[in-house]
Amino acid sequence: MSELIYLNGEFIPQENACVSVMDRGFLFGDGVYEVIPAYAGQPFRLREHLRRLDASLEGIRMSPPLDEDQWRDILQRLLAQRGDADQQIYLQITRGAYGKRLHTIPEDINPTVMAFATELARRDPELVKQGMSVITLDDIRWDRCNIKAITLLANILSQQQARDEGAQEAILVRDGQANEGTASNLFIVKDNLIITPPKSRHLLPGITRDLVLELARDAGLPYAEASISVEELEAAEEIWITSSTKEVMPVTRLNGHPVDNGHPGPMWEKMDALYAACKARLRLRSSSPED
Ligand SMILES: Cc1ncc(COP(=O)(O)O)c(C=O)c1O
């Protein structure tokens, strides 16, 4: 049987799931989304993702169409299709379809709510070992990057430019400050201190970013939320990027030059191990749910 996706209250085979061409997501990119990893069938940091989803909705003047329990039920059903496999949920809410193409926000409109599960793309072990190559680019995005909007043209163009130049990610720079990647948050290590830029309208408040800070705190590793200038990025002992699917990735080349000695650093090794232990705890909990 073909895979079911969730669309507006129903679970439908993917090939039968249709959305109107008048949907404002299609016409304007008028919507928001989340990507949630699930290990052994258990969504990881679900509450945090849903909190950010609600903040994104508020940022585009929409109300949450579903509450946490409703989302939990939907995700459970989607994830059950692959049993205990590691997966990722993509969920998207657009403002919905309307009879006319209007730049103003119609009042009498119902959102389009959609979610599906796919296999979790595993990190390339070779890339984890070698570290990633990144370039810096001017941040050409808008001024509300804290909203996880589906309108991603600037991210796509920047990511493609990185690929064209033989790199895997672009670090986006605004007013001399390195804020984040096209699909990841940014960390550096400077004088043994882990640094990530503070939350602002210029970066997405990453769930993995927050978890890394939490893990650093619990393990007694020194960290700070502080802006990172391009000069600091270039002089960093270590650079990492983080996201729900990439986890914590070491960066070993910046604009074609090695980062420090060109190998993943010792602080990254510690953080990667802490992250792996955190995932392992979730798997353990899912195998003995009565705990
Ligand atoms: C622009 C941007 N920044 C940061 C992130 C990392 O966020 P998270 O850790 O919640 O996946 C993403 C994730 O896709 C992103 O698109």
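What follows is calculated from the coordinates using simple rules that are stated; it is not laboratory data. It should be emphasised that the depicted structure is a prediction, and the values quoted were computed from it without experimental measurement. As a convention, Cβ positions derive from the backbone with ideal geometry for all residues, glycine included, and neighbour counts pool all protein chains shown.
Mean 1/r over all different Cα pairs, inverted: what Kirkwood radius does the chain give, in Å?
20.2 Å
Under a no-solvent Debye model with one identical scatterer per Cα of the stretch 4-119, what's log10 I(q)/I(0) at q = 0.15, 0.17, 0.19, 0.23 Å⁻¹?
Taking Cα atoms of the stretch 4-119 as identical point scatterers yields -0.66, -0.83, -1.01, -1.33.
Rounded, prolate or oblate: which fits the stretch 94-144 when a ≥ b ≥ c are the square roots of the eigenvalues of the alpha-carbon gyration tensor, with rounded for a/c under 1.5 and prolate only if a/b beats b/c?
Oblate, because a/c is 1.5 or more while a/b does not exceed b/c.
Say R0 is 30 Å: what FRET efficiency, to the nearest 0.05, do Asp67 and Phe11 get from their beta-carbon distance?
With R0 = 30 Å, the Cβ-Cβ based efficiency is 0.95.
For the chain, what does -39500 (n - 2.57) per DSSP helix run (n ≥ 4), summed and divided by total residues, give at 222 nm, in deg cm²/dmol to the nearest 500?
-9500 deg cm²/dmol
Report ³J(HN,Hα) in whole Hz for each residue of the stretch 121-138, in order, from the Karplus equation J = 6.51 cos²θ - 1.76 cosθ + 1.60 where θ = phi - 60°; Gly and Pro get x.
5, 6, 5, 6, x, 5, 5, 5, 5, 7, x, 8, 10, 10, 10, 9, 9, 4
Each residue of the stretch 177-186 in turn: what ³J(HN,Hα) in whole Hz from Karplus with 6.51, -1.76, 1.60 and θ = phi - 60°, glycine and Pro shown as x?
So the J values, rounded to whole Hz, are 10, 8, 9, 5, x, 5, 8, 6, 8, 10.
Given the C-alpha centroids of the stretch 92-106 and the stretch 201-232, what is the distance between them in whole angstrom?
36 Å
Which one of Tyr39, Tyr275, Tyr98 has the biggest mean-square fluctuation once the chain is modelled by GNM with Cα springs under 10 Å?
Its mean-square fluctuation being the largest, the pick is Tyr98.
Once phi is turned into ³J(HN,Hα) by the Karplus curve 6.51 cos²θ - 1.76 cosθ + 1.60 with θ = phi - 60°, what whole-Hz value does each residue of the stretch 50-56 show in order, with x for glycine and proline?
5, 5, 5, 4, 5, 5, 5
Most fluctuating residue of Asp164, Asp210, Asp272 in a GNM of the chain with Cα springs under 10 Å: which is it?
Asp164
When the Kirkwood radius is taken over all Cα pairs of the stretch 125-279, what Stokes-Einstein diffusion coefficient follows at 37 °C and 0.692 mPa s, in µm²/s?
215 µm²/s
Remind me, relative contact order of the chain in percent, using alpha carbon pairs under 8 angstrom and six or more residues apart?
It rounds to 18 percent for the chain.
Less than 14 Å Cβ to Cβ from Arg47, Lys/Arg counted +1 and Asp/Glu -1: what total charge do the surrounding residues give?
My count for the surroundings of Arg47 gives -4.
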